[in-house]
Every structure is written in C-alpha cells, then in structure tokens.
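In what follows, a single structure is set out as structure tokens and then discussed.
Readers should treat all values here as calculations from the given coordinates under stated rules, not as data from a laboratory. Being a predicted model, the structure only gives us computed values, none of them experimental. Positions of Cβ are generated from backbone atoms using ideal geometry, with glycine treated the same way; all protein chains shown enter the neighbour counts.
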Amino acid sequence: MGLARAHIPVKLIVGLISCRLTHFDAAKNVLKRKYGDIDGETEPLDFSCTRYYAEELGENLKRKFLSFRSLIPLDRQCRIKLFTNKLEKKFSCRLKRAINIDPGYVSLTKLVLFTTKPRSHRIYIESGIYADIELLFSDKTFHPVEWSYPDFKTKGYIDFFNSVRATYSNQIKPLL
C-alpha cells in the first residue's frame, strides 16, 4: 500500500490573450500583486491558430505567457482560476472580455491548465473548475497530447515551458 504524502508545490503559469498590449500590462500588474514576482515571460506571440476568441476579444490577437517565482500548493489551483475569471470580468467592456486569462502550472511531469469547460479528458477539481493536461514531459522535453491546443504544439511554446520547467526543477531541489 502506498502512503499518501503532501504534493510538492508547482510553478504557476498564466497565459494571456488579447488584441491590446496594454491589457497584458494591466493584467500582469494585478497578477504580480496577487502572486508575486514574475521569473519568466514571453514576448507577445501571434495567436492565429483559431478564431475562437475573435468575436469577443477582437482581431489580430496576441498571446503572452508568464511564470511566477513563488511556487503554489496544488490545493490553491481552484481559487486561482476563480480569481482570474473575476479579473477577466473586471477588464470587460460592454459584456465582452477584453482579455482571456488562463492560469495553470508546470510540474516536473506535465503542464496543466485550469478551465471551466468540461470535456472527457478533463478532471473535475471543485467549484466548476477542471484540470486539463496540455503537455507531458519525457525524453528531456515537453510533448503535446492528443487534445493539446494547436498553439501548445509549437516549438516556441514548448521551448518556453521547458525553460520554466528547468527553473522549477532548480527551485524544488531542496524539497526533494
């Protein structure tokens, strides 16, 4: 019989999608106040793999990822998604979001996003929030899974998340 143990804290990441770079800065400032210093950040990346958000968020969408220095316990994951949902509402205009904010985490073995949309491969956490594995780590790199979003399959994303994982790996060495 295995023994239940506390989980090692994970590395918080947040993906942002908007057509206005000023929304990235505003959201980043709020997230930084709430979750602490940022230790990884992408430049704004073209987000043209889907038109899913175009009607609500606008055209010429960009995506940016942030990773946070402070590690988070897994039991806080639901509260983080609920907070980012409120933040999206705060930035809304005329009942439309101006920015999409997707939190998740990187561990040694995977990258997980939090979502409110149920699908067969997503695990229910609580309060209407699901966990969605986007990437699995093996053979020294992240790999997409069958249902990974198309942009998460790109080299640029995978390179960024590999660097986040390397930082995380160094952070947790004292905990292992």
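Just for segment 34-43: of the residues that are on the phi < 0 side of the Ramachandran plot and free of Cβ contacts under 8 Å to residues at least 60 places away in the same chain, which one is surrounded by the most Cβ atoms within 10 Å (Cβ to Cβ)? Out of the qualifying residues, it is 35.
Scanning segment 91-104 for residues that are free of Cβ contacts under 8 Å to residues at least 12 places away in the same chain and surrounded by 13 or more Cβ atoms within 10 Å (Cβ to Cβ) yields one hit, 92. In segment 44-83, the residue that is surrounded by the most Cβ atoms within 10 Å (Cβ to Cβ) out of those that are closer than 12 Å to residue 17 by Cβ and hydroxyl-bearing (Ser, Thr, Tyr) is 53.
Residue 37 falls short on exactly one of the conditions (1) of a type outside the set (Ser, Thr, Tyr); (2) under 30 Å from residue 140 (Cβ atoms); (3) under 14 Å from the mean Cα position of the chain (by Cα), and that condition is (3). Residues in segment 6-23 that are within 20 Å of residue 160 (Cβ to Cβ) and among the polar types (S, T, N, Q): 1 in all.
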